[in-house]
Every structure is written in structure tokens, then in C-alpha cells.
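Single-structure report; data block below.
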Amino acid sequence: MDFSVKTGDADKLKSACVVVGVFSPRRLSPAAERLDKASRGQLTELLRQGDIGTDCGSTTLVHQPRGRVQAERILVVGCGKAKDFDARAYNKAAAAAARAVDAGAATEALSYLPELDVEGHSLAWKCRQVILASHDAAYRFDELKSDAKPPKKPLRKLAIGVGDKADAAEARQGVKQGRAVAAGVERARRLGNLPGNICTPAYLAAQARDIKASSDRLKVKVLEEKEMEKLGMGALLSVARGSRQPAKLISLEYNGGERGDKPVVLVGKGVTFDSGGISLKPGAAMDEMKFDMCGAASVLGTLAAAAELELPINLVGIVPATENLPDGDASKPGDIVTSMSGQTIEILNTDAEGRLILCDALTYAERFDPEVVVDIATLTGACIVALGHHRTGLLANDQELADELLAAGRNASDPAWQLPMGEEYDEQLKSNFADMANIGGKGAGTITAACFLGRFTKDYRWAHLDIAGVAWKSGHDKGATGRPVPLLMQFLMDRCEKGRDD
Ligand code: BES
Ligand code: MN
Ligand code: ZN
């Protein structure tokens, strides 16, 4: 889809569909006001008759508006009460508008939603959200359907309308950011939705190479199992034993900052299918374990987006990638392995495999001399019990970093919620036979998983995002969401802003 910014008044610009907001009970936004005047009160008339809904998220399409209106259609988007119009309501209105435009016949549209005031949010933010919503509405994963029919009239062009020339530059910046973040989200969703027989560890490595080709500032390196053996990555390799697909350790480096600036390192869990291994999962919904690489997908999507925006930052993405399958050679409960850090691990449950691959990747991260490390993983079912499908679980060994990520999540409407870490939880990992067990027993599964990782991240500031609940949807709408790419991009953009100020 093509995105742009147009300066001009809503009644004067030509368009197949102009999108404007109205508040309950009958308050027109500035752009709606202009259209109303130009159409000799058509909108007020329809509102009075009750033909235009003003509840937040309702949409009404007005065909061939009368008078001097230059657009062929007006899409009126209900925004609810002005006093309740917060970021959540704005996103709801933007999503409803995007769906209505996508379903309609117009192949080109002009949105004035960013003119609406949302407390605490900039024009650039409002433009970003409109673009993300349009991408989301237009997204389809049908590349594996033999009779996929493209929509008859897909939306090809979306312009953001700004009435005041002085706002055009900021709107353009927002559009640019929105485009990049949306592309990152889309890449992450596609990788998540691809099945395990296609999206293998080698496929993820090929993706990293594909992203590398988009920018001179990117470098890629893929370690094979032999090299991992040399590094002593016994934990990661223990998971790969049960699989015929060779494991890969992918690192993708983006150098947009100054030489010598310490990088932000993102580590993404890349289990391309998690059967549980010998501790086999039950059959119901096991297909969804193809999504167990969504952490890896979000890291790749974020690196692609950061490179597209040419963010002035150094960034490294690390993806340990493997399958977790049962086999005659697979790890067995009770097996003890030695991690790259030298610490030994008793594998009491082969289904707690994410932490086994992440711990070696986290030790590997040390060689990049990181400013901070954030790992992203579909790590525990317990996180879904705790937070449902709404918020990412966040745990950290550094409160400042945790606060930064929480703020970024709030701002990007991709929220996280912090859970505590502490010695009392860490003690649950005690093993009679090794330095630690890979499970923490009953209770606090998300926290004990993070404590496990915390034993490998002592040398740097680190945060862990458990995205088991937010990375995909089940049921009727089954599919990857692309989260938390918006959170991660907000985090990186905020860091770049801060760098500019001081
Ligand atoms: N990939 C799963 C976590 C998961 C489960 C994500 C369900 C989304 C939905 C992970 O590898 C896993 O199996 N974790 C176990 C850990 C347990 C054995 C301590 C879990 O959560 O059951
Ligand atoms: Mn598992
Ligand atoms: Zn898993």
C-alpha cells in the first residue's frame, strides 16, 4: 500500500473516500465540519435523523455527498464522547475506519483522523496508528491457498490529510515511521503464520539474509551446529538433538549509530515447532506450536524496520533457531547438559526448551558488549494464565530498563506488564544433580522461567518479554499478531530521541 501526506481542506481535496470523525452526541470534527458546510448540512441532517452512528468504532458511508464536496464518498467514523477519547478509543476508531475502507469499493482514501486530539499523543503518533490500522485491515495470509482470490477492490493508496501546512513535516515523519513499523509487523506475522515444514531454522536464516540485502548497514552471520559445539552451547544443542532440521544461531547486526556506541541486543526464541519433545504435549491445538518462533520473527521484523528508518543506533538481533521434537536421540527427562556459560542444567521437562536455547544465546550476546539486552519469547503457558492475551509479561534485572519498555508498550498501544523476580522464586530451580533444573515446579511458571534466564544475564542490563499470550490469536481468528514489534520499535525510537537531546 502506498502512503502519503496531503495538505488541504477536507472539502477541497479530491478523493474516492474521505475519512472523518464525529463525537457523540453530535459534535463534528473540524474536517467533518467543513464537509458539512460544503454539502449544505448533509452530515448534520444525517446525524439528526440517526443515520450516522457516533458510538466509538461505528462507521457510516455517505455516497456521492451533495454540494461542493470533492470526494466521491465520506466515511464518517464514530468516536464516542469527546471526553473519553483516549489512545484506546483513537485506535478503535482507526481500526473500524480501516476495516470499512478495506471492505468498500474505494481503492484510494484520504484520512483526517489524525486531526483529532488525543491527550499525550503527537500528530506523528496519530499518523503511525492510522497506517498500522490500515495495514492490519488489509493483511491476509493466503499465499498457501491454491485458489486465493485477491479482494476485488483493494485499497491501494492512503493519504493523511492535514489542514495546516505547518503540520505536514511531522505528519510525513509519522507516515514514514508507520510504514516501517507496519512492514516489520507484517514480516513478523507472515513468519509466524508460515507452517513448521516451511518456516524451519534454515528458513529463518534465509530471512535474515534477505533483510541484510536491504541495507549496507546490516551484517549477518549464521552459526552451524559444529560451530555451536565449539562454543560449548550444550543447552541449545540438546534441544536440537531430536530434530532432523539442523539448528542455526543467527545474528543480524545493524550499525546505524556511532562506531563504538554499545548496541541494543535483541534475542528472539526461534523454536520453529515445539512438540514438547519426549515430554510430549497433548494433541489438542498442537498445530499452534508453529508460532513458537514469534520471538525470533519479532526480532527480524524489528531489525528490518530499524534499518528501513535508518535509526541512529547500533542494534544486534540474535536468533537461536531449532525444532523441539521427540526422537531416539532426543534429550530425555533427567539428562544433564552443560551450557556455554559452564553452568550445568538438569532437563526435568523437555518441553521447557525455550530457556535452554535462550540461555546459550544470552551468553553469546556478551560478545557484542551490549548496552542492554532484551529477549523476546513465547516462553510459558503460565503467562497466558497470568495476563491473558492482552499484555506481554515483562521481567528484568534493571528497573530503569523495565520502565523504558513499559512506557514504550503503553505509547505504542502494545502494552506489557511487569512481574517480579526474586530469590524466593529462583530457589524453585534447585536440582539435586546439577547447578539448576530447567523447571521451577508448581506456581509462578513465568517468573521461574525468567529466573532461569536471569542466571545467564548477570553481566549486563537485561529484560525478558514473555509473549506467549500476545504473539498470536487462537480460534476463529487464528494467526500471528506481529506483536511486540510496535513496542520494540517505540523503545528504539525513544532511545534515539533521547540520544539526540543529550
Ligand atoms: N512454547 C511453550 C510455551 C507456550 C505454551 C506458549 C502454550 C504458548 C502457549 C514452551 O516451550 C513450553 O512448553 N513451556 C512449558 C513450560 C513448562 C514445561 C515448565 C509450559 O508453559 O507448559
Ligand atoms: Mn515447550
Ligand atoms: Zn516452546
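Each value in this text was obtained by applying a stated rule to the coordinates, not by laboratory testing. As the structure is a prediction and not an experimental result, all values here were calculated from the model. Using ideal geometry, Cβ is built from the backbone for each residue, glycine included, and neighbour counts are taken over all protein chains shown.
The stretch 76-137 and the stretch 185-243 have Cα centres lying 36 Å from one another. The angle between the Cα long axis of helix 168-193 and the main principal axis of the chain comes to about 50°, on a 0 to 90 degree scale. Around the Cα centre of the stretch 183-497, unit charges on the Cβ atoms of Lys, Arg, Asp and Glu (plus for the first two, minus for the last two) sum to a dipole of about 680 debye.
Our coupling estimate for the stretch 204-211, obtained by passing each phi through the Karplus curve with A = 6.51, B = -1.76, C = 1.60 and θ = phi - 60°, is 4, 5, 5, 4, 4, 5, 4, 5 Hz, Gly and Pro reported as x. Compared with the direct C-alpha span, the chain from residue 336 to residue 478 gains 47.4 nm at full extension, assuming 0.36 nm per residue. Kindly flag which residue pairs out of 230/473; 37/165; 458/498 have an alpha-carbon separation exceeding 31 Å in this structure. Listed pairs above 31 Å: 230/473. For the chain, the longest principal axis of the C-alpha atoms and the axis of helix 123-138 are separated by about 80°.
Annotation: the antiparallel percentage among DSSP beta bridges lying fully within the chain is about 40.
Between residue 117 and residue 343, 0.36 nm times their residue separation minus their Cα-Cα distance comes to what? Before the final figure, lay out the partial values.
Numbers: separation 226, 0.36 × 226 = 81.36 nm, distance 5.38 nm.
Stretched fully, the residue 117-residue 343 segment lengthens by 76.0 nm.
Past 28 Å, Cα to Cα: identify those pairs from 14/83; 92/219; 212/262; 332/430; 126/212; 221/290, in the order given.
Beyond 28 Å between Cα atoms: 14/83; 92/219; 126/212.
Dipole magnitude for the stretch 156-199: computed about the Cα centre from +1 point charges on Lys and Arg Cβ and -1 point charges on Asp and Glu Cβ, it is near 240 debye. Distance between the modelled labels on residue 6 and residue 231, one decimal in nanometres: 5.1 nm (7 Å Cα→Cβ projection).
Once R0 is set to 22 Å, what does the formula 1/(1 + (r/R0)^6) return for the Cβ-Cβ distance between residue 103 and residue 148, expressed as a FRET efficiency to the nearest 0.05? FRET efficiency, residue 103 to residue 148: 0.80. With respect to the chain, whose longest principal axis is taken over its alpha-carbon atoms, helix 354-365 is tilted by about 90°. Label positions at residue 432 and residue 385, each projected 7 Å from the Cα along the C-beta direction, are separated by 2.4 nm.
Report, in deg cm²/dmol and to the nearest 500, the calculated mean residue ellipticity at 222 nm for the chain, where each DSSP H run with n ≥ 4 adds -39500 (n - 2.57) and the sum is divided by the residue count. Working shown, then result.
Working: 15 runs with 180 residues, N = 502.
Result for the chain: -11000 deg cm²/dmol, rounded to the nearest 500.
Using the average count of surrounding beta-carbon atoms within 10 Å as a protection proxy, the listed peptides 312-322, 353-363 rank, highest first, as 353-363, 312-322.
A simple rule links phi to the HN-Hα coupling: the Karplus curve 6.51 cos²θ - 1.76 cosθ + 1.60 with θ = phi - 60°, which for the stretch 250-257 gives 9, 10, 10, 10, 10, 10, x, x Hz, with x for Gly and Pro.
With a Förster radius of 60 Å, plug the Cβ-Cβ distance of residue 166 and residue 398 into 1/(1 + (r/R0)^6) and report the FRET value to the nearest 0.05.
Approximately 0.90, to the nearest 0.05.
Residues 199, 56 in ascending order of nearby Cβ atoms (within 10 Å, fewest first): 56, 199. Eigenvalues of the alpha-carbon gyration tensor of the stretch 183-497, scaled by 5 and square-rooted, set the equivalent ellipsoid semi-axes at 26, 21, 20 angstrom, largest first. Subtracting the Cα-Cα distance of residue 63 and residue 424 from 0.36 nm times their residue separation leaves 123.6 nm of extension gain. As a rough guide to protection, the peptides 298-304, 15-21, 336-342 ranked by mean Cβ packing within 10 Å, highest first, stand as 298-304, 15-21, 336-342.
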